[in-house]
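The values are calculated or read from the model by the stated rules, or taken from the named source; none is laboratory data. These numbers come from a predicted model, not from an experiment. Cβ sites come from the backbone with ideal geometry, for glycine too, and all protein chains shown count toward neighbours.
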Ligand code: LR7
Ligand code: MN
């Protein structure tokens, strides 16, 4: 491709373009310099009003710096509270945004990131003639520094000729600094290709993205959440598979930016799935997907926030369901639609984008409704055929709940002559088990339990390698619905003994099974009666000492190893020590 473009070059133009390139290069390196220095040296005056609002402390001697003075590593001092103001920034930040805004402000709008790509990616070349991209970022009450870091990371790490524009959609935010301050910052500090659209009322992220897309004019739409940082050469691997086949929708690997420390760390390569509660989850990549030479991984679903799609194809495929409100469900809806209606969904491991993963959503919907349930109902009725019964088996209270008019979505399915949900399960997601709800109705395995118990594979205490404590019941191990915590290990205590059996269950003290709700997947795991049908009680123990929960696709982690409370929770698997457990006899 590159050579094709070059063939059209005339030599006369080459001289002129060389001169221009040198001039442009000088211009950009100078403006880059001044921008970098202004973000680090507090200067008084108008310009400074928009720089992160903090007074710099003297850098500790061991702080790591990038070659140009940008921090590429965060020291523990980043989170230090020096005065009441710091305390307030952190506290209101956690309250409003559910992450550490103090650190986010101190990092500022630019930083170096660890290059998390595999070595092979670094050597890869992409065609020069790729499509132009419109990056669409929708936000509601986002932290100013996180939003600006998202925008600048795109400007800093995207070849300018590929970046057609950035379309910001303000979903009627309430926070003061997202009003004139933001207008002013964009006007004075950002290139014209950064545009801002303001919604007159709160639309939610689904209609918000549709609005953003309707203002976009680039060839490919790239959606991002408003608290992301794109990494080295992130865009080219997303564009090139679309160039080959325009019915391809492509996701990057979503690296993890910690909500508490803002540290950027690599994500393992996983792909998207879902459970019958219609929650998205991460699944291990099947071996069959690993030997693709282009590195692309076919993914049954996407997480939702970060993906690239041909703009015309987005329209052809029916955009989104505009009857869906605020948050939730649109990611599974578009994933099913892509696969069932003749497209494909890929994850490209060479494209890396960090996202701040937070433990709770800091906003609700204006009317306080559970929009995820309503949105999921809409998608179940449009796309899931008889398999929507699997959802209702878990959520019987939703069976007769109103979900609005879906006729235009059924018309999309008809117009595109889409395949059945059964086809999707058979061909795209054969790993999906029908067992849990089905077996709840007629639990054959469970009745057999008294007669023939599953074979015990391992037995002992479950010790966390970071906390150096063992997993036990918070109350009595016989208490149904009780949670688990880590406490000092005691090899004499039978209430600390876990059994891991061939059904992949974890049974505490011979009584109850460790269970993860498919309905409220943000809840911590609990001790429940063993049901013997996998899903919510299916754990995989082994590889890298992790305790992977199959139905939510996450790993068991200690929350704060130093706290005596010993809380644990499910988290995205990252291989860290806090997620490592050993079953010790
Ligand atoms: O009313 C709203 N209006 C908005 O503009 C509510 C939200 N938003 C914005 C918000 O500011 C943010 O930029 O929409 C974006 C997504 O909202 P988040 O960050 O609260 O969502 P999330 O990261 O918790 O949730 C994931 O699932 C959502 C389902 O609707 C969306 O698809 C999110 O984009 C998606 N995020 C990701 O895929 C990032 C990786 C997370 C994982 C796994
Ligand atoms: Mn998000």
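Table for the structure above
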{"read-out": "Lone qualifier among 402, 370, 385 - being without any contact (Cβ under 8 Å) to a residue 60 or more places away in the chain and within 21 Å of the chain's Cα centre (by Cα)", "value": "370"}
{"read-out": "Check on residue 466, in contact with a strand residue (DSSP E or B) (Cβ under 9 Å, 6 or more places away or on another chain), modelled with pLDDT of 90 or more and in a loop (DSSP other than H, G, I, E, B)", "value": "yes"}
{"read-out": "Unique residue being away from ligand 2 (no atom under 16 Å from the Cβ), on the phi < 0 side of the Ramachandran plot, out of contact with any strand residue (DSSP E or B) (no Cβ under 7 Å at 6 or more places or on another chain) and at pLDDT 95 or above when the list is 312, 330", "value": "312"}
{"read-out": "Counted residues, segment 225-278 - those being part of a loop (DSSP other than H, G, I, E, B), in contact with a strand residue (DSSP E or B) (Cβ under 9 Å, 6 or more places away or on another chain), more than 16 Å from ligand 1 (Cβ to nearest atom) and more than 19 Å from residue 122 (Cβ to Cβ)", "value": "4"}
{"read-out": "Filtered residues of segment 316-325 (kept if under 16 Å from residue 212 (Cβ atoms) and assigned to a helix (DSSP H, G or I))", "value": "none"}
{"read-out": "Output for segment 315-327, where each listed residue is more than 22 Å from residue 131 (Cα to Cα) and either away from ligand 2 (no atom under 16 Å from the Cβ) or surrounded by 24 or more Cβ atoms within 10 Å (Cβ to Cβ) (or both)", "value": "320, 321, 322, 323, 324, 325, 326"}
{"read-out": "Flag for residue 204 being touching a strand residue (DSSP E or B) at 6+ places or on another chain (Cβ under 6 Å), under 18 Å from residue 317 (Cβ atoms) and within 16 Å of ligand 2 (Cβ to nearest atom)", "value": "no"}
{"read-out": "Residue count for segment 69-91, restricted to those that are surrounded by 13 or more Cβ atoms within 10 Å (Cβ to Cβ), at pLDDT 75 or above, part of a loop (DSSP other than H, G, I, E, B) and out of contact with any helix residue (DSSP H, G or I) (no Cβ under 9 Å at 6 or more places or on another chain)", "value": "1"}
{"read-out": "Top-ranked residue in segment 207-224 [being more than 16 Å from ligand 2 (Cβ to nearest atom) and assigned to a helix (DSSP H, G or I); ranked as surrounded by the fewest Cβ atoms within 10 Å (Cβ to Cβ)]", "value": "214"}
{"read-out": "Test: residue in segment 523-545 that is part of a loop (DSSP other than H, G, I, E, B) and farther than 28 Å from residue 376 by Cβ", "value": "yes"}
{"read-out": "Tabulated pairs, segment 270-288, first within 13 Å of residue 430 (Cα to Cα) and without any contact (Cβ under 8 Å) to a residue 40 or more places away in the chain, second away from ligand 2 (no atom under 16 Å from the Cβ) and outside any helix (DSSP H, G or I), C-beta under 9 angstrom, 6+ apart or interchain", "value": "285/269; 285/270; 285/271; 285/297; 285/299; 285/347"}
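Residue by residue, here is whether (1) crowded, with 20+ Cβ neighbours inside 10 Å; (2) in a loop (DSSP other than H, G, I, E, B); (3) touching a residue at least 24 places away in the same chain (Cβ under 8 Å); (4) in contact with a helix residue (DSSP H, G or I) (Cβ under 7 Å, 6 or more places away or on another chain) holds:
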residue	(1), (2), (3), (4)
114	no, yes, yes, no
147	yes, no, yes, no
151	yes, no, yes, no
160	no, yes, no, no
169	yes, no, yes, yes
174	no, yes, yes, no
186	no, no, no, no
205	yes, no, yes, no
